[in-house]
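In what follows, a structure is listed as structure tokens, so that the remarks can point back to it.
The values are calculated or read from the model by the stated rules, or taken from the named source; none is laboratory data. For clarity, every value in this text was computed on a predicted model and none was experimentally measured. FYI the Cβ positions are ideal-geometry reconstructions off the backbone, even for glycines, and counts take in every protein chain you see.
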Amino acid sequence: MVLPLTERDAVNRRSFLLGAGATLSLPIIDARAQGTQITGAGASFPNPIYQKWAEAARAAVGVQLNYQSVGSGAGINQIRNRTVDFGATDAPLTAQQLQEGNLLQFPTVMGSIVPIINVPGIEDEQLKLTGEVLADIFLGKITRWNDQRIVALNAGVNLPAQAIAPVYRADGSGTTFVFTSYLSATSAEWKDKVGAATSVRWPVGNGARGNEGVAGGVRNTRGGIGYVENAYATANRLVTTQLRNKAGNFVKPKMENFVAAATNADWSVPGFAASIIDQAGANSWPIVSPTFILLPTNPQDPARSAHVRRFFDWAFTSGDDLARELEYIPLPAATKTAIRAAWRTQFGA
């Protein structure tokens, strides 16, 4: 239950919204009269930070977010059907798709996909892998952890003759889109046989729903390997790997390496659909991606749409530290300014 705002809370909230020049000035709507709950559904990739922001924004601006982590595919379907106030996806829609669906798309944060493993005797960040080897594991061409191609990358590491058990997303998933985009960028065979999409025909392995499901599947499967947003690996203390980046260097899944890749993002493309896969740079982590919100340009309830924008405006202004705590990468200030300008152009405020 959302507690009523005090008069001082309302004054503070009004001052916050109208104070800083970079902050979007939305029309002040009486939250008690209009209702403060907003609903969203979609990507599990950003779910940890959306839940953190929801907890903080409830007190700060009087907006309560009910966000369901159901996967990007379901989130896209729900916003197209207008059963939620906004959808969330890690796989950006094209300009044509946005126009056909009467949707505005904008990013919220950037995050990183990391391989996770459950291999006896292997410690966190110890094992080295490449995109080509990862692709061949998920193609079913490399089936044991002591395969010579893995051994060659890991001199001095005692790799067991344990069978490899791939775990993948069974639901339509933006995380899958990002991961398979990376495999397609580094393996011509993967690109030709499987490709990049929110849902693909996996040659081998077992499916699980959500980042949560993949994390649990790998944790509970001896010899398991999967892919999750880094926050899930950190929260569940899962064993991650190093990856060889475009510069040929093996890098660990660390915040400074995520940021090194993120600095190359080009936000000038339609729908802010920047790609940060396999970026150049000596320290760049190769699987970094934005995550996106889909907001109707013809909202059924303009007041609720304004609350959605108020929520993310607060997140852009006050939520960066929370994002960093979960090892997400905040958007550049100029990108936030451009998003607010897109809101003003579309909604007039």
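For residue 113, which of the numbered conditions (1) in contact (Cβ under 8 Å) with a residue 12 or more places away in the chain; (2) more than 16 Å from residue 287 (Cβ to Cβ); (3) not in a helix (DSSP H, G or I) fails to hold?
(2)
Report yes if some residue within the range 251-272 is touching a Gly at 6+ places or on another chain (Cβ under 9 Å), surrounded by fewer than 16 Cβ atoms within 10 Å (Cβ to Cβ) and free of Cβ contacts under 8 Å to residues at least 40 places away in the same chain; otherwise report no.
yes
Would you call residue 190 without any contact (Cβ under 8 Å) to a residue 60 or more places away in the chain and under 18 Å from residue 135 (Cα atoms)?
Details: without any contact (Cβ under 8 Å) to a residue 60 or more places away in the chain: yes; under 18 Å from residue 135 (Cα atoms): yes.
Criteria met by residue 190.
Residue-by-condition table, conditions (1) among the charged types (D, E, K, R); (2) touching a helix residue (DSSP H, G or I) at 6+ places or on another chain (Cβ under 6 Å):
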position	(1), (2)
228	no, yes
232	no, yes
266	yes, no
282	no, no
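Please enumerate the residues belonging to the range 236-250 that are modelled with pLDDT under 95 and surrounded by 14 or more Cβ atoms within 10 Å (Cβ to Cβ). Before the answer, list the steps.
Taking the range 236-250 as the starting set, the residues that turn out to be modelled with pLDDT under 95 are 236-237.
If the condition is that a residue be modelled with pLDDT under 95 and surrounded by 14 or more Cβ atoms within 10 Å (Cβ to Cβ), then 236 is the only one that fits.
Do we find that residue 79 is out of contact with any Pro (no Cβ under 8 Å at 6 or more places or on another chain), touching a residue at least 12 places away in the same chain (Cβ under 8 Å) and crowded, with 18+ Cβ neighbours inside 10 Å in this structure? Outline the logic, then answer.
Values: out of contact with any Pro (no Cβ under 8 Å at 6 or more places or on another chain): no; touching a residue at least 12 places away in the same chain (Cβ under 8 Å): yes; crowded, with 18+ Cβ neighbours inside 10 Å: yes.
No, not satisfied.
Quick check, is residue 231 aliphatic (A, V, I, L, M), part of a loop (DSSP other than H, G, I, E, B) and in the same structural domain as residue 160 (by TED's automatic domain parsing)? Steps first, please.
Values: aliphatic (A, V, I, L, M): yes; part of a loop (DSSP other than H, G, I, E, B): no; in the same structural domain as residue 160 (by TED's automatic domain parsing): yes.
So residue 231 fails the test.
Scan the range 120-137 and give yes if some residue there is without any contact (Cβ under 8 Å) to a residue 24 or more places away in the chain and not assigned by TED's automatic domain parsing to the domain that holds residue 53, otherwise no.
Initial filter on the range 120-137 (without any contact (Cβ under 8 Å) to a residue 24 or more places away in the chain): 133.
Right, trim to not assigned by TED's automatic domain parsing to the domain that holds residue 53 and you get 133.
Within the range 120-137, one or more residues are without any contact (Cβ under 8 Å) to a residue 24 or more places away in the chain and not assigned by TED's automatic domain parsing to the domain that holds residue 53.
Residues that are part of a helix (DSSP H, G or I) and touching a helix residue (DSSP H, G or I) at 6+ places or on another chain (Cβ under 9 Å): does the range 244-263 have at least one? If you could, list the steps in order and put the result at the bottom.
Residues of the range 244-263 that are part of a helix (DSSP H, G or I), as a first pass: 255-262.
So of that shortlist, the ones also touching a helix residue (DSSP H, G or I) at 6+ places or on another chain (Cβ under 9 Å) come out as 255, 258.
Yes, the conditions are met somewhere in the range 244-263.
Can you name every residue in the range 81-104 that is charged (D, E, K, R) and over 20 Å from the mean Cα position of the chain (by Cα)? Reasoning before the result, please.
From the range 81-104, those charged (D, E, K, R) are 82, 85, 90, 100; that's our starting set.
Selection gives 82, 100.
What is the residue count in the range 138-156 for residues that are out of contact with any strand residue (DSSP E or B) (no Cβ under 6 Å at 6 or more places or on another chain), buried (at least 17 other Cβ atoms within 10 Å of the Cβ) and either among the charged types (D, E, K, R) or not in a loop (DSSP other than H, G, I, E, B) (or both)?
2
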